1. Out of (1) within 11 Å of the chain's Cα centre (by Cα); (2) touching a residue at least 60 places away in the same chain (Cβ under 8 Å), the odd one out for residue 54 is which?
2. Any residue at all in region 60-78 that's crowded, with 16+ Cβ neighbours inside 10 Å, of a type in the set (S, T, N, Q), closer than 20 Å to residue 128 by Cα and touching a residue at least 60 places away in the same chain (Cβ under 8 Å)?
3. Residue 41 passes all but one of (1) surrounded by 15 or more Cβ atoms within 10 Å (Cβ to Cβ); (2) touching a residue at least 24 places away in the same chain (Cβ under 8 Å); which number fails?
4. Which ones in region 77-104 are closer than 16 Å to residue 52 by Cα and part of a strand (DSSP E or B)?
5. Restricting to region 121-147, name every residue that is in a helix (DSSP H, G or I), at pLDDT 70 or above and among the charged types (D, E, K, R).
6. Between a first residue in region 1-19 that is more than 16 Å from residue 100 (Cα to Cα) and a second residue that is of a type outside the set (Ser, Thr, Tyr) and assigned to a helix (DSSP H, G or I), which pairs have beta carbons less than 6 Å apart while being 6 or more apart in sequence or on different chains?
7. Does residue 23 qualify as being surrounded by 22 or more Cβ atoms within 10 Å (Cβ to Cβ), basic (Lys, Arg) and at pLDDT below 95?
8. Consider only pairs whose beta carbons are under 8 Å apart and that are at least six residues apart or on different chains; among these, list those whose first residue lies in region 121-147 and is over 15 Å from residue 102 (Cα atoms) and whose second residue is modelled with pLDDT of 75 or more and of a type in the set (Asp, Glu).
Amino acid sequence: MNQDEKFMRIAVEEAKLTRGPKRFGAVVVKDGEVVSKAHTTTHEKEDPTQHAEILAISEATRRLKSRRLTGCVVYASCEPCMMCVGAILWARINELVYAMSREDSFEAFTDSSHWHMGIDELIPKGFVVRKGILRQEAKEVFQTKSS
């Protein structure tokens, strides 16, 4: 198992902890070590900003005592939305690895009109993105109802 698969597996496992119909997980890694991990809590907290990536980044800034997470990598079980991409860029993270594409997740959303831009339209040049790591595993977790 390579590094991307190792950390993506953690993100997918984190997604399993989500309560609600849309299950997402994220991990922030620095120098080959997990700094933080989180799962989406939008349904249980009734707060649309509680995405896995946002929560993992927030925890990483606390643990590293810096608002700049240069040198960190975000692993996400799904292609991040515009809000999460914004947080990734504001945190000065320049590397992202994700499993499912936004198109993979559309089948579970009744209204995906709010998600009209993909990662390719949002990221600047020089930003490293690796896609499709453990895609099928992430899709299975995403499509399974939480208990």
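The values are calculated or read from the model by the stated rules, or taken from the named source; none is laboratory data. Keep in mind that what you see is a predicted model, and the values were worked out from it rather than measured. We place every Cβ from the backbone using ideal geometry, glycine too, and count neighbours over all the protein chains shown.
1. Against the list (1) within 11 Å of the chain's Cα centre (by Cα); (2) touching a residue at least 60 places away in the same chain (Cβ under 8 Å), residue 54 comes up short only on (2).
2. Yes, some residue in region 60-78 is crowded, with 16+ Cβ neighbours inside 10 Å, of a type in the set (S, T, N, Q), closer than 20 Å to residue 128 by Cα and touching a residue at least 60 places away in the same chain (Cβ under 8 Å).
3. Exception for residue 41: condition (2).
4. Within region 77-104, 77, 78, 96, 97, 98, 99, 100 meet the criteria.
5. 135, 137, 139, 140
6. If the second residue must be of a type outside the set (Ser, Thr, Tyr) and assigned to a helix (DSSP H, G or I), the pairs left are 19/43; 19/44.
7. Yes.
8. Pairs found: 127/95; 128/95.
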